[in-house]
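Novice: Before anything else, here's the structure in question.
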2 protein chains.
Amino acid sequence: MSLTARQQAILDYITETVATQGTAPTRSEIARAFGFRSPYASECHLKALEKKGAIELVGGAARGIRLAGTHAARPAELPLVGRVAAGSPILATEHIERHYRIDDSLFRARPDYLLRVHGESMRDAGILDGDLLAVRQTPEARPGQIVVARIEDEVTVKRFEQDGPRVRLLPENPDFAPIEIDLERQELAIEGIGVGVLRDLELQ
Amino acid sequence: MSLTARQQAILDYITETVATQGTAPTRSEIARAFGFRSPYASECHLKALEKKGAIELVGGAARGIRLAGTHAARPAELPLVGRVAAGSPILATEHIERHYRIDDSLFRARPDYLLRVHGESMRDAGILDGDLLAVRQTPEARPGQIVVARIEDEVTVKRFEQDGPRVRLLPENPDFAPIEIDLERQELAIEGIGVGVLRDLELQ
DNA sequence: CGGATGACTGTTTATAAATACAGTATCCCG
DNA sequence: CGGGATACTGTATTTATAAACAGTCATCCG
């Protein structure tokens, strides 16, 4: 069921009020904004909007208008992980430098955190020193994916290739050597897979 | 002036209420949450928080508590510009594919829009085909910056170098030739400068 | 034509909520 | 030791707000 033009206008007004004032308008405020001489006109529109699922009315509460879908549209807060100390989990609080809000629909896979990349080993994949890698936390990787791996307490970003029990972590830079791991002898912890890259181009 | 532990707890409660309920709590709701037997206790804390600049109280309005700084922290909505048709302005509505919310503190310079990059000409600068370039709209560029330029109705992304009236737009890929422009003969429109790069690493 | 829907007016009422006053208790600081 | 800040209680008052009723006036639709 779609909204009428008037209902849409009122929904827009509510959305804007929430955005600018931080709180929903009262019936009287809506009436004033639209020139209604009765707050009951607003009431009727709100009821219609609620029936159509555009808003949710909280009974008995002042300014109790909740915008539907606001919850889902709110962008996720991604923690930025700086250098990871040996032996501690990636998402330990002491590694988290700050949080960034980023629309999670920006990447096809939803990331769980941002990791600052150090070094030039993935240069030819367009991942440079200082870039932020958006990482999805998962212990499984498929060949060809860019992974965040932990080898002997060192966290590294490489391209993942697997051939049975033999895993290869490939840099994307001829100056660096691939890392070969025999899963039967050595341990390899996949911390996550890269789903996106963010770079700040500083303007000098 | 810093907040006391109690004041911080109450500020946190307000922040959380705004996030989950979409509206600020009343004095009574705060009192209920903290076990105060009088709403005036909440009132005093709110006044203290206002005096310290943590919130703003809207007099006479129900639930009139505005969180300070919420305005600045709200992530900007950046329009994503796809292919730009010849002769039309970059931010023409028909080029805008969608909007993304991105924390503008992610980049040192605040971007105005996102532009999808086509081609491999900036490969060695870590800007690959399909990447999104966060662009700050400005007609001025300094040497070394990555610019969005328009030459004969074609929009292109290159590194900017200038030597008096002679401008060079440098690709970052040996397979591409630099573009030389004599400002006294040819026209060059700088649409903006690149302030950041965003890439979606698809997971196949 | 007649009924349904949308968009209101004018008025009323109960309740939600802001806001104030007068105290009490505790703690820290000089 | 006294003053100021913090953290409350209990009660009171006014204002803001939600919510409802009974209508009016259009418009659309079969």
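The values are calculated or read from the model by the stated rules, or taken from the named source; none is laboratory data. Everything numeric here is computed off the predicted structure, so don't read it as measured data. Backbone-built Cβ (ideal geometry, glycine too); neighbour counts: all protein chains shown.
Novice: Of all residues being more than 13 Å from DNA strand D (Cβ to nearest atom) and of a type in the set (A, V, I, L, M) in the stretch A:1-17, which is farthest from A:ILE65 (Cα to Cα)? Just the residue, please.
Specialist: Within the stretch A:1-17, the match that is farthest from A:ILE65 (Cα to Cα) is A:MET1.
Novice: Pick from the stretch B:1-24 the residues that are more than 9 Å from DNA strand C (Cβ to nearest atom) and not in a helix (DSSP H, G or I): which of them is surrounded by the most Cβ atoms within 10 Å (Cβ to Cβ)?
Specialist: B:GLY22
Novice: Looking only at residues in the stretch A:25-38 that are part of a loop (DSSP other than H, G, I, E, B) and more than 7 Å from DNA strand D (Cβ to nearest atom), which one is modelled with the highest pLDDT? Even if it seems obvious, please write down each step before you answer.
Specialist: If we filter the stretch A:25-38 for residues that are part of a loop (DSSP other than H, G, I, E, B), which is where we start, we get A:25-26, A:35-38.
From the residues that got through so far, the ones that are more than 7 Å from DNA strand D (Cβ to nearest atom) too are A:25, A:35-37.
Details: A:PRO25: 93, A:GLY35: 89, A:PHE36: 89, A:ARG37: 90.
Filtering the stretch A:25-38 for residues that are part of a loop (DSSP other than H, G, I, E, B) and more than 7 Å from DNA strand D (Cβ to nearest atom), the one modelled with the highest pLDDT comes out as A:PRO25.
Novice: Looking only at the stretch A:114-148, count how many residues are surrounded by 21 or more Cβ atoms within 10 Å (Cβ to Cβ) and assigned to a strand (DSSP E or B).
Specialist: Counting residues in the stretch A:114-148 that are surrounded by 21 or more Cβ atoms within 10 Å (Cβ to Cβ) and assigned to a strand (DSSP E or B) gives 9.
Novice: Given the residues B:ALA48, B:ALA19, B:ALA41, B:ALA33, which is the only one that is closer than 19 Å to A:GLN21 by Cα and hydrophobic (A, V, I, L, M, F, W, C)? Can you show your working first?
Specialist: Working: B:ALA48 fails: closer than 19 Å to A:GLN21 by Cα; B:ALA41 fails: closer than 19 Å to A:GLN21 by Cα; B:ALA33 fails: closer than 19 Å to A:GLN21 by Cα.
Exactly one of B:ALA48, B:ALA19, B:ALA41, B:ALA33 is closer than 19 Å to A:GLN21 by Cα and hydrophobic (A, V, I, L, M, F, W, C), namely B:ALA19.
Novice: Right, next: Of the residues B:LEU49, B:LEU67, only one is within 16 Å of DNA strand C (Cβ to nearest atom), modelled with pLDDT of 85 or more, within 21 Å of the chain's Cα centre (by Cα) and not β-branched (Val, Ile, Thr); which?
Specialist: Matching residue, one of B:LEU49, B:LEU67: B:LEU67.
Novice: Inside the stretch B:112-127, can you point out the residues that are facing chain A (nearest Cβ under 10 Å) and either of a type outside the set (A, V, I, L, M) or under 14 Å from A:ARG101 (Cβ atoms) (or both)?
Specialist: Hits for the stretch B:112-127 are B:ARG123, B:ASP124, B:GLY126.
Novice: Filtering the stretch B:46-57 down to residues that are in contact (Cβ under 8 Å) with a residue 24 or more places away in the chain and within 14 Å of another protein chain (Cβ to nearest Cβ), which residue is surrounded by the fewest Cβ atoms within 10 Å (Cβ to Cβ)?
Specialist: The selected residue is B:ALA54.
Novice: Failed condition for A:ARG110, given (1) without any contact (Cβ under 8 Å) to a residue 60 or more places away in the chain; (2) in a loop (DSSP other than H, G, I, E, B); (3) charged (D, E, K, R), with all others met?
Specialist: (1)
Novice: If you don't mind, another one. Considering only residues that are part of a loop (DSSP other than H, G, I, E, B), acidic (Asp, Glu) and away from every other protein chain (no Cβ under 14 Å), which ones fall in the stretch A:170-204?
Specialist: Those that are part of a loop (DSSP other than H, G, I, E, B), acidic (Asp, Glu) and away from every other protein chain (no Cβ under 14 Å): A:ASP175, A:GLU184, A:GLU187.
Each row is one residue, and each column tells you yes or no for (1) closer than 30 Å to A:ASP129 by Cβ; (2) within 26 Å of the chain's Cα centre (by Cα); (3) among the acidic types (Asp, Glu).
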residue: B:GLU152; (1), (2), (3): no, no, yes
residue: B:THR156; (1), (2), (3): yes, yes, no
residue: B:ARG185; (1), (2), (3): no, no, no
residue: B:ILE190; (1), (2), (3): yes, yes, no
residue: B:GLY194; (1), (2), (3): yes, yes, no
residue: B:VAL197; (1), (2), (3): yes, yes, no
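Novice: While we're here: How many residues are more than 9 Å from DNA strand C (Cβ to nearest atom) and away from chain B (no Cβ under 11 Å) if we restrict to the stretch A:29-45? Write out each step before concluding.
Specialist: Looking only at the stretch A:29-45, we keep the residues that are more than 9 Å from DNA strand C (Cβ to nearest atom), and these are A:29-30, A:32-33.
Subset that is away from chain B (no Cβ under 11 Å): A:30, A:32-33.
Within the stretch A:29-45, residues that are more than 9 Å from DNA strand C (Cβ to nearest atom) and away from chain B (no Cβ under 11 Å) number 3.
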